[in-house]
1. Considering only region 112-131, I want to know if a residue exists there that is among the β-branched types (V, I, T) and within 30 Å of L19 (Cα to Cα).
2. For region 34-47, indicate whether the set of residues that are in contact (Cβ under 8 Å) with a residue 24 or more places away in the chain and within 30 Å of I123 (Cβ to Cβ) is non-empty.
3. G93 passes all but one of (1) exposed (fewer than 13 other Cβ atoms within 10 Å of the Cβ); (2) within 17 Å of E122 (Cβ to Cβ); (3) within 12 Å of the chain's Cα centre (by Cα); which number fails?
4. Which members of region 48-65 meet the condition of being more than 28 Å from L138 (Cα to Cα), outside any strand (DSSP E or B) and not charged (D, E, K, R)?
5. Considering only region 113-131, how many residues are surrounded by 12 or more Cβ atoms within 10 Å (Cβ to Cβ) and touching a strand residue (DSSP E or B) at 6+ places or on another chain (Cβ under 9 Å)?
6. I'd like to check which strands (runs of 3 or more DSSP E) are fully inside region 66-150 and have at least 2 residues that are at pLDDT 90 or above, over 24 Å from S45 (Cα atoms) and of a type outside the set (G, A, S).
7. Counting only residues that are surrounded by 14 or more Cβ atoms within 10 Å (Cβ to Cβ) and not charged (D, E, K, R), which one in region 40-58 is farthest from the chain's Cα centre (by Cα)?
Amino acid sequence: MFWMKINPTKFSIDSGSHLRVRSEGNAGKRGGPPGDLYVFIEVLSDPVLKRDRTNILYTCKVSYVDAILGTTMKVPTVDGIVDMKIPAGTQPGTTLVMANEGVPYLGKPSNRGDQLVRVQVEIPKRLSDEEKKLIDELANLNKAQTANRT
């Protein structure tokens, strides 16, 4: 058995796909032409990027501060690392779409799926005294603004 490692997220192939390579198989009997080589595909999963047909799924973790204020993050794609803007006010579980950053369509390599980035907001379990004081001030400010609106 022969193994070859490729990046399956760059190609529209799935486990169970097979390829036929003409005249690259065993030598023919009694001097006949060589047979065909059949390649059976088994796609191993990537630990970071998950694939859903032609879309790539990725979960990024952002701090609650970055979710509130917005930031730019480095995000892995099938073509390498790119900068992605996390808009201010991003909610936990939001899915951001990176259009045309997914897997090429089989037979149409110029058409690609999308990369879907799910934002996971990390809330700290412990705060320093200074952080707690600042968040309390922010909470009081928010309560005062809400009271003024009614």
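1. Checked region 112-131: no residue is among the β-branched types (V, I, T) and within 30 Å of L19 (Cα to Cα).
2. Yes; the residues of region 34-47 include at least one that is in contact (Cβ under 8 Å) with a residue 24 or more places away in the chain and within 30 Å of I123 (Cβ to Cβ).
3. (3)
4. Step one: filter region 48-65 for residues more than 28 Å from L138 (Cα to Cα), giving 48-59.
Remaining after also requiring outside any strand (DSSP E or B): 48-49, 53-54.
Correct list: V48, L49, T54.
5. 10
6. 71-77, 80-86, 115-122
7. The extreme case among them is I41.
The values are calculated or read from the model by the stated rules, or taken from the named source; none is laboratory data. Because the structure is predicted, anything quoted here is derived from the model rather than measured. Every residue, glycine as well, gets a Cβ built from its backbone with ideal geometry; the counts of neighbours run over all protein chains shown.
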